[in-house]
1. Among the candidates Ala74, Ala60, Ala24, which residue alone is closer than 18 Å to Val111 by Cα and not charged (D, E, K, R)?
2. Given the condition among the hydrophobic types (A, V, I, L, M, F, W, C), over 17 Å from Val5 (Cα atoms), outside any loop (DSSP other than H, G, I, E, B) and open to solvent by less than 60 Å² (accessible area, probe 1.4 Å), answer yes or no: does some residue in the range 87-104 qualify?
3. Can you go through Gln110, Gln81 and tell me which one is under 20 Å from Gln13 (Cβ atoms), open to solvent by 20 Å² or more (accessible area, probe 1.4 Å), within 10 Å of the chain's Cα centre (by Cα) and touching a residue at least 40 places away in the same chain (Cβ under 8 Å)?
4. If I filter the range 37-48 for residues that are under 11 Å from the mean Cα position of the chain (by Cα) and within 18 Å of Gln1 (Cβ to Cβ), do I get at least one hit?
Amino acid sequence: QVQVVESGGGLVQAGGSLRVSCSASGSTFSTYTIGWHRQAPGKQREWVGIIRSDGTTNYADSVKGRFGMSRDNAKNTVYLQMNNLKPEDTAVYLCYATGGFGVVWGQGTQVTVSS
């Protein structure tokens, strides 16, 4: 069974950068699509972006130009690099892996941006 774990969250000042990671188990990680959502208190869960098995990416307009995703298939890990962070980026960041096994979510990692 595929397991997904996020890491790397923390506290950062507005304008700063942070990189969070999403690791997923399985020998066919290179075939997974990995997606990110975020959940802020009192708000609906928001889609952030995805990275496909071929490395192509798509991002929400709210993060486009500031966030970038990359993958290291040798480490079964996708990285979400977040630059020029804003207080409104504060949220729990959750990733999921999808493939022939369906969709598996991680537990999330907290990102807090102070003004």
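1. Ala60
2. For the range 87-104, residues among the hydrophobic types (A, V, I, L, M, F, W, C), over 17 Å from Val5 (Cα atoms), outside any loop (DSSP other than H, G, I, E, B) and open to solvent by less than 60 Å² (accessible area, probe 1.4 Å): absent.
3. Going through Gln110, Gln81 in turn, the sole match is Gln81.
4. No, because not a single residue in the range 37-48 is under 11 Å from the mean Cα position of the chain (by Cα) and within 18 Å of Gln1 (Cβ to Cβ).
The values are calculated or read from the model by the stated rules, or taken from the named source; none is laboratory data. Fair warning: this is a prediction, and the values are worked out from it, not measured in the lab. Glycine also receives a Cβ, built like all others from the backbone with ideal geometry; neighbour counts cover every protein chain displayed. Calculation scope for accessible area: heavy atoms of the full protein, side chains included, ligands and nucleic acids excluded. Shrake-Rupley method; radii C 1.70, N 1.55, O 1.52, S 1.80 Å.
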